[in-house]
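Q: I'd like to ask some things about the structure below.
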Ligand SMILES: Cc1ncc(COP(=O)(O)O)c(C=O)c1O
């Protein structure tokens, strides 16, 4: 008897229904492959929304975690531990920044960025007390805290969670004139995703990111790049901003930084920005813990070789060529960069959810977003043959 139906039922019975997962129950994984409780194998083309950029259980990351589990797992930041300095230094160097502030989840990194930008505004820029404002983009996704959903334009994410945090101005994504017009003397930061993942892997027009950089510099405003989903190799470069030769004032990182093992996020910025925080003004019990640092240091070392960025660029070209060939044959549009793609399914054929369910039946796991869009973000360890396989399964689903 199959174990999946009962396991799905049990999972639904004992949890709040804040997710609508596909009805598969995974029990083990390696590299780009997952196995469910009934022994069926699936090619993972979501990679935990980019938290698994290096695949499941990458041997170097697992070894780092095991070694650290046997020595020291948690100290709190009340004491310093021996994994902390290397992690912060190596990540700061990868980002080309002076300092790093480690947290845990992506949302915490975003909250940290908002707090630092506001404090910087008051203490360095000289904004009047209580007036700091941050410009954000329509279609953003930066996490689920009350402050972050306050400036979401997705009603599902936002409705009925008020009262909302003030201090944010929303402008259309990709529209530089609108962004520039929204900036005034109280603006402390522009916070954007260099590619909007949750919105459907939306790539802004060429020149937008350099334009944002210019507008921020001209107006003494911090450019905060949320690279939580787009960063750390996903797009064929270390950061999505790299494709346009842009360096933000602050990187927000998460997801892949924890190697798919532990939640690790971080803010990276120069000392004139992160230096505004003094003891007691911000923190987290688990942020920068020894286990997190041990794993994340190994993640940074994997990225330092450039191998994963190269794989993402080369294999991404193959993925996008395969997907482009399906435009007009079930796909309306394909967007993305590197091993990251947003596909709009022809709504006359099926919904995004139906496409995901049919792909799962064919052993390929992806997830829908916003109705008819599905997002592909396979682990960067995926092979050419596996990409071809995924595209072939999609073609078969679209052909009905
Ligand atoms: C761009 C971006 N920022 C922030 C977050 C929030 O991260 P977390 O779910 O770890 O809080 C996400 C998660 O999908 C994201 O894609």
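Q: Out of the helices (runs of 4 or more DSSP H) lying entirely within the range 137-227, which hold 1 or more residues that are within 16 Å of the ligand (Cβ to nearest atom) and surrounded by 18 or more Cβ atoms within 10 Å (Cβ to Cβ)?
A: Here the list reads 146-150, 208-218.
Q: Identify the residue in the range 228-245 that is in contact with a strand residue (DSSP E or B) (Cβ under 6 Å, 6 or more places away or on another chain) and near the ligand (Cβ under 10 Å from one of its atoms) and, among all such residues, is farthest from residue 265 (Cα to Cα).
A: Ranking the candidates gives 231 first.
Q: From the list 292, 269, which residue is within 16 Å of the ligand (Cβ to nearest atom), surrounded by 24 or more Cβ atoms within 10 Å (Cβ to Cβ) and assigned by TED's automatic domain parsing to the domain that holds residue 80?
A: On the way: 269 fails: within 16 Å of the ligand (Cβ to nearest atom).
So the residue among 292, 269 that is within 16 Å of the ligand (Cβ to nearest atom), surrounded by 24 or more Cβ atoms within 10 Å (Cβ to Cβ) and assigned by TED's automatic domain parsing to the domain that holds residue 80 is 292.
Q: For residue 100, are the conditions met, namely being buried (at least 22 other Cβ atoms within 10 Å of the Cβ) and in contact with a strand residue (DSSP E or B) (Cβ under 6 Å, 6 or more places away or on another chain)?
A: Against the criterion (buried (at least 22 other Cβ atoms within 10 Å of the Cβ) and in contact with a strand residue (DSSP E or B) (Cβ under 6 Å, 6 or more places away or on another chain)), residue 100 qualifies.
Q: Picking from 205, 263, 248, which residue would you name as being more than 30 Å from residue 128 (Cα to Cα) and either in contact with a helix residue (DSSP H, G or I) (Cβ under 6 Å, 6 or more places away or on another chain) or free of Cβ contacts under 8 Å to residues at least 60 places away in the same chain (or both)?
A: Just one listed residue meets the conditions, 205.
The values are calculated or read from the model by the stated rules, or taken from the named source; none is laboratory data. Remember, it's a predicted structure, so these values are computed and weren't measured experimentally. Cβ sites come from the backbone with ideal geometry, for glycine too, and all protein chains shown count toward neighbours.
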